[in-house]
Amino acid sequence: MSGSLAFGLSSFVTSTRGSVSKRNQPQNSINFVSVESNSSDTVTVPIGFEWSVVASWGDPMWTKAPNFNSKTRGTGESQELSIGDNIDGMAFFEIEGRSILVVNNEYCNFKVIYGNRPLGLPQSLDDLRKGMAAHGVSIFEIERTGRYWKVIKDSFYNRRITPATEMEITGPAAGHRLLQTAFDPSGRKVLGTLNNCGNGSTPWGTYLTCEENFNKYFYTQDQNFNSSLEQNRYGISSTNSGYGWASLQERFDLGKHPNEVNRFGYIVEIDPTNPESIPKKRTALGRFKHENCAVTVCKNKKVVIYMGDDEHGEFLYKFVSKNSLSTNKKDNMNLLEDGDLYAAIFEETGKGYWVNLLDAGMGPAQTLIYSRLAASKVGATTMDRPEWVSLNPHTPELYCCLTNNKFRGRRQGQKVNAVNPRRENVYGQIIRWRPDNNDHAFSQFTWDHFLFAGNPLVHDDEYSGSDNINSDNMFNSPDGLSFDSQGNLWIQTDGDYSNTGNFKGMGNNQMLMADPNSGLVKRFLVGPNECEVTGITWSSDKSTMFVGIQHPGDKHPEKYSFPNEAEGVPRSSVIAIYRTDRGMMG
């Protein structure tokens with residue numbers, strides 16, 4: 001065992017079994033018998049719980065849209081009127097007594113959405129239109145009939161937000177020359193949002209959707225195109241990843257419109273209470289591959305947002321608003337337009353601090369457009385793919401999934417260190433930190449590890465995982481992460497589901513519940529074959545938990561058909577989970 005990992009494991013023991021473990025005891029923990037890992041094409045939950053499908057990709061949101069057609073997989077027009085593909089982050093809103101679900105649609109599976117095409121790829125302009133419309137955000141009203149929820153068609157609140165929806169660019173970078181294009185010389189208006197991964201919600205009732213892998217939608221056939229240093233850092237190249245959107249809308253051609261790509265990679269604020277409102281891209285929160293965002297308020301009433309950049313060797317960020325939270329919602333609608341953006345430095349001692357990206361000396365707008373470069377310049381700590389960040393509701397303590405990093409210890413700038421202690425990290429870990437003085441306004445914090453994922457069936461070294469991981473709860477690649485109101489920590493995975501080699505015995509991707517006090521981890525749910533379990537929220541009365549099942553049948557859609565075997569087509573879905581005794585779900 002390396003010295004750095006020994007530090008990580010010892011800090012885990014101290015933080016979960018020592019004095020720290022006695023804080024914020026949950027008032028009403030959820031008891032259940034852990035489910036076993038499996039490779040079944042269904043959702044498995046414990047005895048005493050049940051689940052049902054709320055909505056799936058292709059379900060109509062308006063009566064004028066046809067029901068999902070498993071043979072054609074829909075058209076461009078029908079997709080624009082239906083729930084998008086690959087459900088990810090989500091949030092529940094109660095608006096004037098009505099239940100509204102806001103759901104991200106991250107991307108589309110070519111083999112599924114174009115499964116009626118011989119090559120599993122778009123073949124017409126309408127195919128391209130359909131693929132584009134499958135992205136973005138779906139906002140729809142749901143209603144409980146008995147124990148089960150269903151979509152309310154034609155609701156006033158129903159709305160599809162796609163890569164073709166008009167949006168405003170706000171904040172310090174708005175209007176900068178790097179955001180100006182032939183279609184928008186002002187640099188302040190943009191069409192659409194795409195690759196919407198995780199999410200957040202604000203105290204004033206708006207939804208924050210996070211643009212992640214935006215780079216793969218842009219390409220060019222221009223043989224003279226050479227990507228810049230800045231573009232390379234964001235994975236932008238001339239290669240067509242298969243979406244082909246430049247054939248539908250020229251703005252996606254890098255050779256003709258090189259600045260268009262700079263208008264993606266942000267957090268977008270949406271007001272679900274007003275279907276006519278214009279979504280706003282908040283450049284003050286930086287541009288990178290946003291995973292999710294955890295929103296809280298400092299003691300001085302300024303809003304703080306913690307964010308991860310989901311790529312090997314990238315960084316954790318913190319935004320602090322310039323102005324303070326108001327009791328008037330209208331006054332808060334522009335609160336995210338301005339503030340300071342920081343990146344985290346994790347020291348070997350278990351201490352850390354946030355450094356202002358303006359210290360990189362790049363200028364305000366360029367710092368936000370090229371946040372990754374600014375964070376590198378100020379010496380931020382490279383991390384093992386920082387994904388979801390979640391805030392403990394009972395104490396100012398944050399947790400973050402570091403999903404995995406096959407390049408740790410191999411790639412320049414990604415050396416093994418205390419916070420990322422395993423070389424070629426295939427399993428991932430969860431870190432946590434607490435701001436000094438219990439105030440998110442403070443720049444200093446103390447950090448440790450909550451757990452190391454691993455496989456004790458295969459390894460007897462650091463790759464077996466931390467002491468709270470065993471053969472009954474092991475998993476890999478923690479991704480989604482969220483606290484419920486009781487203080488239970490829910491962990492969702494997006495990892496290797498081969499059930500062989502390093503991942504023997506792990507089965508399909510899963511969701512686990514962890515106690516942040518004792519460190520106890522129990523497997524609550526196993527998803528269907530080849531899915532990712534991602535996205536989580538609760539009904540306002542906490543009796544229902546909503547969870548996303550993304551890309552079921554990902555690699556072999558011809559073999560699997562969750563959630564409806566009769567259709568023969570796997571469809572990304574939102575499911576609802578209930579207790580049979582009608583108790584609380586979080």
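Scan region 415-427 and tell me whether some residue there is under 21 Å from the mean Cα position of the chain (by Cα), modelled with pLDDT of 95 or more and not polar (S, T, N, Q).
yes
Residue 262: surrounded by 22 or more Cβ atoms within 10 Å (Cβ to Cβ) and assigned to a helix (DSSP H, G or I), yes or no? It would help to see each step written out before you state the result.
Details: surrounded by 22 or more Cβ atoms within 10 Å (Cβ to Cβ): yes; assigned to a helix (DSSP H, G or I): yes.
Answer is yes for this residue.
Surrounded by 22 or more Cβ atoms within 10 Å (Cβ to Cβ) and either at pLDDT 95 or above or assigned to a loop (DSSP other than H, G, I, E, B) (or both), is that true of residue 53? Working first, answer last.
Details: surrounded by 22 or more Cβ atoms within 10 Å (Cβ to Cβ): no; either at pLDDT 95 or above or assigned to a loop (DSSP other than H, G, I, E, B) (or both): yes.
For residue 53, the condition - surrounded by 22 or more Cβ atoms within 10 Å (Cβ to Cβ) and either at pLDDT 95 or above or assigned to a loop (DSSP other than H, G, I, E, B) (or both) - is not met.
With (1) at positive phi; (2) of a type in the set (S, T, N, Q); (3) in contact with a Lys or Arg (Cβ under 8 Å, 6 or more places away or on another chain) as the list, and residue 99 as the residue in question, which single condition is left unmet?
(1)
For the list (1) closer than 12 Å to residue 309 by Cβ; (2) crowded, with 24+ Cβ neighbours inside 10 Å, I need the number of the one condition that residue 376 fails.
(2)
Can you tell me which residue among 373, 398 is in contact with a strand residue (DSSP E or B) (Cβ under 8 Å, 6 or more places away or on another chain) and of a type in the set (A, V, I, L, M)? It would help to see each step written out before you state the result.
On the way: 373 fails: in contact with a strand residue (DSSP E or B) (Cβ under 8 Å, 6 or more places away or on another chain).
When all the criteria are applied, what remains is 398.
Being assigned to a strand (DSSP E or B) and of a type in the set (S, T, N, Q) is the filter here, so list the residues in region 478-491 that pass it.
Of the residues in region 478-491, the ones assigned to a strand (DSSP E or B) are 478-483, 489-491.
482, the sole residue that qualifies.
Hey, which of the strands (runs of 3 or more DSSP E) in region 114-186, taking only ones fully inside, have at least 3 residues that are β-branched (Val, Ile, Thr)? Steps first, please.
Working: elements: 136-145, 148-151, 159-161, 166-170.
Per the criteria, 136-145.
From 68, 7, 93, grab the single residue that is within 26 Å of residue 562 (Cβ to Cβ) and either among the aromatic types (Phe, Trp, Tyr) or at pLDDT below 95 (or both). Show your work before the answer.
Working: 7 fails: within 26 Å of residue 562 (Cβ to Cβ); 93 fails: within 26 Å of residue 562 (Cβ to Cβ).
Answer to the selection: 68.
Give region 68-93 a look and list any residue that's in contact with a helix residue (DSSP H, G or I) (Cβ under 9 Å, 6 or more places away or on another chain), hydroxyl-bearing (Ser, Thr, Tyr) and surrounded by fewer than 20 Cβ atoms within 10 Å (Cβ to Cβ), or say none.
The answer is 72, 75.
Of the residues 306, 353, 317, only one is surrounded by fewer than 19 Cβ atoms within 10 Å (Cβ to Cβ) and among the aromatic types (Phe, Trp, Tyr); which? Outline the logic, then answer.
Values: 306 fails: surrounded by fewer than 19 Cβ atoms within 10 Å (Cβ to Cβ); 317 fails: surrounded by fewer than 19 Cβ atoms within 10 Å (Cβ to Cβ).
It is 353.
From (1) surrounded by fewer than 20 Cβ atoms within 10 Å (Cβ to Cβ); (2) in contact with a Leu (Cβ under 8 Å, 6 or more places away or on another chain); (3) in contact (Cβ under 8 Å) with a residue 60 or more places away in the chain, pick out the condition that doesn't hold for residue 334.
Checking residue 334 against (1) surrounded by fewer than 20 Cβ atoms within 10 Å (Cβ to Cβ); (2) in contact with a Leu (Cβ under 8 Å, 6 or more places away or on another chain); (3) in contact (Cβ under 8 Å) with a residue 60 or more places away in the chain, the one that fails is (2).
Filter region 280-338 down to the residues that are closer than 22 Å to residue 408 by Cβ and part of a loop (DSSP other than H, G, I, E, B), then identify the one that is farthest from the chain's Cα centre (by Cα).
This residue is 315.
Residue 63: under 18 Å from residue 132 (Cα atoms), surrounded by fewer than 15 Cβ atoms within 10 Å (Cβ to Cβ) and not hydrophobic (A, V, I, L, M, F, W, C), yes or no?
Numbers: under 18 Å from residue 132 (Cα atoms): no; surrounded by fewer than 15 Cβ atoms within 10 Å (Cβ to Cβ): yes; not hydrophobic (A, V, I, L, M, F, W, C): yes.
Here the answer is no, as residue 63 does not meet what is asked.
Kindly indicate whether residue 423 is charged (D, E, K, R), closer than 23 Å to residue 477 by Cβ and in contact with a strand residue (DSSP E or B) (Cβ under 6 Å, 6 or more places away or on another chain).
Values: charged (D, E, K, R): yes; closer than 23 Å to residue 477 by Cβ: yes; in contact with a strand residue (DSSP E or B) (Cβ under 6 Å, 6 or more places away or on another chain): no.
Answer is no for this residue.
Could you check region 145-182 and list, in sequence order, the residues that are within 22 Å of residue 275 (Cα to Cα), surrounded by fewer than 19 Cβ atoms within 10 Å (Cβ to Cβ) and charged (D, E, K, R)?
150, 153, 154, 166, 168
State which residue pairs qualify: first residue closer than 17 Å to residue 144 by Cα and inside region 42-60, second residue at pLDDT below 95 and not in a loop (DSSP other than H, G, I, E, B) in any location, beta carbons under 8 Å apart, and separation of 6 or more residues or different chains.
Listed by first residue and then by second, the contacts come to 52/148.
Going residue by residue through region 568-586, is there one that turns out to be free of Cβ contacts under 8 Å to residues at least 40 places away in the same chain and hydrophobic (A, V, I, L, M, F, W, C)?
The answer is no; no qualifying residue exists.
Among the residues of region 306-325, is there at least one that is touching a strand residue (DSSP E or B) at 6+ places or on another chain (Cβ under 8 Å), of a type in the set (A, V, I, L, M, F, W, C), farther than 19 Å from residue 392 by Cα and in contact (Cβ under 8 Å) with a residue 24 or more places away in the chain? Walk me through how you get there before you give the answer.
Within region 306-325, the first condition is being touching a strand residue (DSSP E or B) at 6+ places or on another chain (Cβ under 8 Å), and the residues that meet it are 306-310, 312-325.
From what is left, the residues that are of a type in the set (A, V, I, L, M, F, W, C) are 307, 315-316, 319-320, 325.
Narrowing further to those that are farther than 19 Å from residue 392 by Cα: 315, 325.
Keeping just the survivors that are in contact (Cβ under 8 Å) with a residue 24 or more places away in the chain gives 315, 325.
Yes, the conditions are met somewhere in region 306-325.
Within region 267-279, track down each residue that is in a loop (DSSP other than H, G, I, E, B) and touching a residue at least 60 places away in the same chain (Cβ under 8 Å).
Restricting attention to region 267-279, the residues satisfying the condition of being in a loop (DSSP other than H, G, I, E, B) are 271-279.
271, 272, 273, 275, 278, 279 - these are the residues of region 267-279 that are in a loop (DSSP other than H, G, I, E, B) and touching a residue at least 60 places away in the same chain (Cβ under 8 Å).
Here is a list of conditions, (1) more than 20 Å from residue 318 (Cα to Cα); (2) outside any loop (DSSP other than H, G, I, E, B); (3) free of Cβ contacts under 8 Å to residues at least 24 places away in the same chain, and residue 437 meets all of them except one; can you say which number that is?
Unmet for residue 437, out of (1) more than 20 Å from residue 318 (Cα to Cα); (2) outside any loop (DSSP other than H, G, I, E, B); (3) free of Cβ contacts under 8 Å to residues at least 24 places away in the same chain: (1).
When you look at residue 497, is it over 30 Å from residue 94 (Cα atoms) and under 20 Å from the mean Cα position of the chain (by Cα), yes or no?
Details: over 30 Å from residue 94 (Cα atoms): yes; under 20 Å from the mean Cα position of the chain (by Cα): yes.
Considered against the rule, which asks whether it is over 30 Å from residue 94 (Cα atoms) and under 20 Å from the mean Cα position of the chain (by Cα), residue 497 comes out as yes.
So which residues in region 94-138 are of a type in the set (A, V, I, L, M, F, W, C), closer than 21 Å to residue 279 by Cα and surrounded by fewer than 21 Cβ atoms within 10 Å (Cβ to Cβ)? Spell out the reasoning first.
Just the residues of region 94-138 that are of a type in the set (A, V, I, L, M, F, W, C), to begin with: 95, 100-103, 108, 110, 112-113, 119, 121, 125, 128, 132-134, 137.
Narrowing the set further to residues that are closer than 21 Å to residue 279 by Cα leaves 95, 100-103, 132-134, 137.
Matches in region 94-138: 95 only.
The values are calculated or read from the model by the stated rules, or taken from the named source; none is laboratory data. All of these numbers come straight from a predicted model, not from anything done at the bench. Virtual Cβ from ideal backbone geometry, glycine too; neighbours counted across all protein chains shown.
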